[in-house]
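S.K.: One structure, as structure tokens, below. Some questions next.
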Amino acid sequence: MDNLSKERRSRAMAAVRQKNTRPELLVRKVIHSLGGRFRIHVQNLPGRPDIVLPGRKLCIFVHGCFWHRHDACRLTTMPSSNEVFWAEKFAANIARDRHKEDQLKELGWCVATIWECETRSLSNLREQVNELLLKHPYARPSSDQKI
């Protein structure tokens, strides 16, 4: 049972940031420190990826474990009230994420996801981002590539 009133719960959920979250800022800081140059929230790409490295044809989503349902993560809890609503909401989030990722891949982009829990250890995050950057070196842009 929820211990907040409906109005207070609504206000609390509305306050959850969608852009420039702490995990996203950490990932951007690590990418920049490793020499990666990127754009953020590119609107003309499906799903508006959190971080786009155009020269590497790489899109990175920084997902919250709770909202995007990170498998076997302790942050992926299920609210005890209104369970049917939440189950449908989470299923829709997962389906949308997959669809947007598929669309990006069809356009020739590589897609990576960094989970909120993976940003808790800066050394592990730095290692993960470094592997991503090494795996996706700069590609020569084609003449029709616009971002």
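For (1) part of a helix (DSSP H, G or I); (2) within 22 Å of R120 (Cα to Cα); (3) not basic (K, R), each residue gets a yes or a no:
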| residue | (1), (2), (3) |
| --- | --- |
| L26 | yes, yes, yes |
| K29 | yes, yes, no |
| H32 | yes, yes, yes |
| R37 | no, no, no |
| Q43 | no, no, yes |
| G47 | no, no, yes |
| V52 | no, yes, yes |
| G55 | yes, no, yes |
| V62 | no, yes, yes |
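S.K.: Also, I was wondering about something else. Got a sec? Which of S123, S81 is touching a residue at least 12 places away in the same chain (Cβ under 8 Å) and either farther than 20 Å from N20 by Cβ or exposed (fewer than 11 other Cβ atoms within 10 Å of the Cβ) (or both)?
M.R.: S81
S.K.: If you don't mind, there's one more thing I want to ask. Can you say whether L134 is surrounded by 14 or more Cβ atoms within 10 Å (Cβ to Cβ) and in a helix (DSSP H, G or I), as far as the supplied structure shows?
M.R.: It is false that L134 is surrounded by 14 or more Cβ atoms within 10 Å (Cβ to Cβ) and in a helix (DSSP H, G or I).
S.K.: Further question: Determine the pairs where a residue that is farther than 22 Å from N93 by Cβ, located within segment 37-66, has a partner that is β-branched (V, I, T) with Cβ atoms under 7 Å apart, the partner being 6 or more residues away or on another chain.
M.R.: These pairs meet every condition: F38/I31; F38/I51; F38/V52; R39/V52; R39/I147; P54/I147.
Bear in mind that the values in this text are calculations on the coordinates, not laboratory data. Just so you know, these numbers come straight off a predicted model, no measurement behind them. Note that each Cβ is placed from the backbone with ideal geometry, even for glycine, and that neighbours are counted across all protein chains shown.
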